[in-house]
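Read through the structure below, which is laid out as structure tokens, and then see the notes.
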Amino acid sequence: RLNTDVELCQSLRRLLADETIMISLDPETRRVAELFMFDFEISGIHLDEEKRKKAVDLNVRILDLCNEFLIGTHIPNKIDKHILPEHIRYNFTAEGNYLQIAGLHADCPDDLVREAAYKIFLHSNAQQLARLEELLASRNSLAQLVGYDTFAHRALQGTMAKNPETVRQFLEKLSEQLSKRTQKDFEMMKKMKMKLNPHNSMLMPWDHPYYSGVLRAERYNIDPGLYCPFFSLGACMEGLNSLFSQLLGISLYAEQTKRGEIWSEDVRKLAVVHETEGLLGYIYCDFFQRPDKPHQDCHFTVRGGRLKENGEYQLPVVVLMLSLPNSARGAPTLLSPGMMENLFHEMGHAMHSMLGRTRYQHVTGTRCATDFAEVPSILMEYFANDYRVVNQFARHYKTGQPLPKNMVSRLCESKKVCAAADMQLQVFYAVLDQIYHGKHPLKKSTTEILKETQEKVYGLPYVPNTAWQLRFSHLVGYGAKYYSYLMSRAVASMVWKQCFAQNPFDRAIGERYRREMLAHGGGKEPMLMVQGMLQKSPSVEDFVDALVSDLDHDFETFIMDS
């Protein structure tokens, strides 16, 4: 409603048209004013009253459809239990004569269980299909109503990519570079399947996650249980504290909470304090599993930072939410390598929020372009996988013994096994997202587009009567922007290699990172922030090269393992 308030818009337009005033404004204020005008324009403020009302109605309908579609992505499918062989039924939840299939069971060693779960959980649903088709059509109608060719053109305004053409170019070039590596990965998986299941060795979509895991385990013998004793939660938090202290001059201090301040007794409050600037903000750590808590790792803002009218700075307040298992009484909480990496990832988002010093809440911290928002968090994953960083905190909780270097190297190298195929799958999702939000009316049904794109871009066969797109929840929050994960990873990789790989504790580089990338939130064009950090303007080819070079094996570890 605010974005279609004509009086507000006219007031802003007068300000933007006044050159004298605009010259007197600082760059961030000008950008925020332009962002507000962009919000007005994409909501149809420039249209006549009838079309403006239509834009509001479309926005409301899109919101409803998003909520309905999102709920639909999580609803289990039911099947008569007698349809499935008796020996696999116990893998699924029974409900009278029916079995509930609520996921893909991707880690199950039984091929038949994974196949059944894939075919049933992803079975097409007419109601959900109608929701998706109406959502895509409504988004397109809204985009065209306010003057854009497609919804993708509207969604990519203000991002690093800027337009669908750049995204298409990025995904095509990346797919091209991955092609041979992906085929090698699929060949390895196929051989492994033939070895374990000689009667049915054709590689299918339900095999990829399972057999890539089997190959990692076989080649590098990675047992998470061997790593957990070195990654107690306390040690990991100390590691983060030490890293931030050396890199940014920041320390994390536990704070007492007031009565009624926290929503669960196991939530911990951290004060983020700079060595000269003092208190920067607060992080509430909601780390442990409990009934009715969403099972996801995320960061969200309770209060954004901003400059108040009295000249004081309103400190940011954020929540870090993880799903760590509750430890046995008297024993520390032990994290798997994946959990440790997720903790570093989410803390990257938190530092983005804490170190943003924007004048306005509209652009505080992580309120920035989607394809830039994941850069600070993914960059933290590179720190979490560097032995020099890990060696500062990874100690066996009983003996105090440090985690051996070769265990860290093997863990890092294991992640590269079948990584090309994993990345190719992400490219497929991103391409599908671009097609769905591209030119309308779509030439084919969403399922036919899925089949065509899967076989062309991903390479594993489409399974008849399935509709994976109906479980693609990212179409709601990342409509036309799913590529963002890949582009953010490319930027993070370039920042790591050019700035931190030589010395992950370099204070001067840490200060540059804060000054060029973290301080501005969304108050500066994302590509200008990247240029400031890298001291050059990266091309699409640079992004692709950064992602592909991450797949190369470390020669020293490779020789050692051979």
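Identification of helices (runs of 4 or more DSSP H) wholly contained in region 82-178 with 1 or more residues that are of a type outside the set (A, V, I, L, M, F, W, C) and either touching a Gly at 6+ places or on another chain (Cβ under 9 Å) or closer than 30 Å to PHE543 by Cβ (or both) yields 126-145, 151-155.
Taken over region 235-292, residues that are under 24 Å from the mean Cα position of the chain (by Cα) and polar (S, T, N, Q) amount to 2. When THR29 is evaluated against the numbered criteria (1) within 24 Å of THR364 (Cα to Cα); (2) open to solvent by 60 Å² or more (accessible area, probe 1.4 Å), which criterion, by number, is the only one it fails? THR29 satisfies every listed condition except (2).
If you go through region 236-287 and keep only what is open to solvent by 20 Å² or more (accessible area, probe 1.4 Å), of a type in the set (Val, Ile, Thr) and not in a strand (DSSP E or B), you end up with THR257, ILE262, THR276.
Taking the conditions (1) modelled with pLDDT of 95 or more; (2) open to solvent by less than 50 Å² (accessible area, probe 1.4 Å); (3) of a type outside the set (Gly, Ala, Ser) in turn, VAL302 satisfies each one other than (2).
Of all residues in region 225-235, how many are touching a residue at least 60 places away in the same chain (Cβ under 8 Å) and open to solvent by 40 Å² or more (accessible area, probe 1.4 Å)?
Filtering region 225-235 for residues touching a residue at least 60 places away in the same chain (Cβ under 8 Å) gives 226-235.
After this cut, where a residue has to be open to solvent by 40 Å² or more (accessible area, probe 1.4 Å) as well, the list is 226, 234.
Result for region 225-235: 2.
Tell me, which helices (runs of 4 or more DSSP H) wholly within region 449-544 include 2 or more residues that are more than 23 Å from the chain's Cα centre (by Cα) and modelled with pLDDT under 95?
On the way: elements: 474-477, 484-495, 507-513, 526-534.
Filter on region 449-544 gives an empty set.
Among the residues making up region 338-362, a single one is over 25 Å from GLY311 (Cβ atoms), in contact with a strand residue (DSSP E or B) (Cβ under 6 Å, 6 or more places away or on another chain) and touching a residue at least 60 places away in the same chain (Cβ under 8 Å): ALA350.
MET22 meets each of the listed conditions (1) at pLDDT 90 or above; (2) within 30 Å of ARG357 (Cβ to Cβ); (3) surrounded by 15 or more Cβ atoms within 10 Å (Cβ to Cβ) apart from (3).
Residue count for region 331-350 satisfying the condition of being open to solvent by 10 Å² or more (accessible area, probe 1.4 Å) and either among the hydrophobic types (A, V, I, L, M, F, W, C) or part of a helix (DSSP H, G or I) (or both): 10. The sole residue among LEU112, LEU104 that is more than 28 Å from the chain's Cα centre (by Cα), closer than 26 Å to LEU203 by Cα, open to solvent by 60 Å² or more (accessible area, probe 1.4 Å) and hydrophobic (A, V, I, L, M, F, W, C) is LEU112.
Which is among the hydrophobic types (A, V, I, L, M, F, W, C), at pLDDT below 95 and more than 30 Å from ASN326 (Cβ to Cβ), of MET202, MET160, MET189?
Numbers: MET160 fails: at pLDDT below 95; MET189 fails: at pLDDT below 95.
That would be MET202, the only listed residue that is among the hydrophobic types (A, V, I, L, M, F, W, C), at pLDDT below 95 and more than 30 Å from ASN326 (Cβ to Cβ).
Criterion applied to LEU136, LEU63 was being modelled with pLDDT of 95 or more, surrounded by 15 or more Cβ atoms within 10 Å (Cβ to Cβ) and within 26 Å of the chain's Cα centre (by Cα), and the one residue passing it is LEU136.
Answer yes or no as to whether ARG359 is over 20 Å from the mean Cα position of the chain (by Cα), outside any helix (DSSP H, G or I), of a type in the set (Lys, Arg) and over 30 Å from GLU413 (Cα atoms). Steps first, please.
Values: over 20 Å from the mean Cα position of the chain (by Cα): yes; outside any helix (DSSP H, G or I): yes; of a type in the set (Lys, Arg): yes; over 30 Å from GLU413 (Cα atoms): yes.
So ARG359 passes the test.
Of the residues ALA117, ALA130, ALA152, ALA161, which single one is in contact (Cβ under 8 Å) with a residue 40 or more places away in the chain and either closer than 30 Å to GLU50 by Cβ or surrounded by fewer than 21 Cβ atoms within 10 Å (Cβ to Cβ) (or both)? Before the answer, list the steps.
On the way: ALA117 fails: either closer than 30 Å to GLU50 by Cβ or surrounded by fewer than 21 Cβ atoms within 10 Å (Cβ to Cβ) (or both); ALA130 fails: in contact (Cβ under 8 Å) with a residue 40 or more places away in the chain; ALA161 fails: either closer than 30 Å to GLU50 by Cβ or surrounded by fewer than 21 Cβ atoms within 10 Å (Cβ to Cβ) (or both).
Exactly one of ALA117, ALA130, ALA152, ALA161 is in contact (Cβ under 8 Å) with a residue 40 or more places away in the chain and either closer than 30 Å to GLU50 by Cβ or surrounded by fewer than 21 Cβ atoms within 10 Å (Cβ to Cβ) (or both), namely ALA152.
Kindly establish whether ASP80 is closer than 26 Å to ASN125 by Cβ, surrounded by fewer than 11 Cβ atoms within 10 Å (Cβ to Cβ) and not small (Gly, Ala, Ser). Taking the combined requirement at face value, the residue satisfies it.
Checking each residue in region 410-448 for being open to solvent by less than 30 Å² (accessible area, probe 1.4 Å), of a type in the set (Asp, Glu) and more than 21 Å from the chain's Cα centre (by Cα) picks out only GLU413.
Farther than 30 Å from ARG114 by Cβ, part of a helix (DSSP H, G or I) and modelled with pLDDT of 95 or more - does that describe any residue in region 67-76?
Within region 67-76, the subset farther than 30 Å from ARG114 by Cβ is 67.
Checking the rest, the ones that are also part of a helix (DSSP H, G or I) come to 67.
Keeping just the survivors that are modelled with pLDDT of 95 or more gives 67.
For region 67-76, residues farther than 30 Å from ARG114 by Cβ, part of a helix (DSSP H, G or I) and modelled with pLDDT of 95 or more: present.
With respect to ASP292, is the statement that it is acidic (Asp, Glu) and in contact with an Asp or Glu (Cβ under 8 Å, 6 or more places away or on another chain) true? No. Within region 470-484, residues that are touching a residue at least 12 places away in the same chain (Cβ under 8 Å) and polar (S, T, N, Q) have Cβ atoms under 7 Å from residues that are assigned to a helix (DSSP H, G or I) and open to solvent by 10 Å² or more (accessible area, probe 1.4 Å) in these pairs: SER473/LEU70; SER484/THR370, counting only partners at least 6 apart in sequence or on another chain. Restricted to region 368-421, the set of helices (runs of 4 or more DSSP H) holding at least 2 residues that are among the polar types (S, T, N, Q) comprises 405-414.
The values are calculated or read from the model by the stated rules, or taken from the named source; none is laboratory data. Just so it is clear, the model here is predicted, and its values are computed rather than measured. Glycine also receives a Cβ, built like all others from the backbone with ideal geometry; neighbour counts cover every protein chain displayed. Quick note on the areas: whole protein, heavy atoms, side chains included, nothing else; ligands and nucleic acids left out. Shrake-Rupley method; radii C 1.70, N 1.55, O 1.52, S 1.80 Å.
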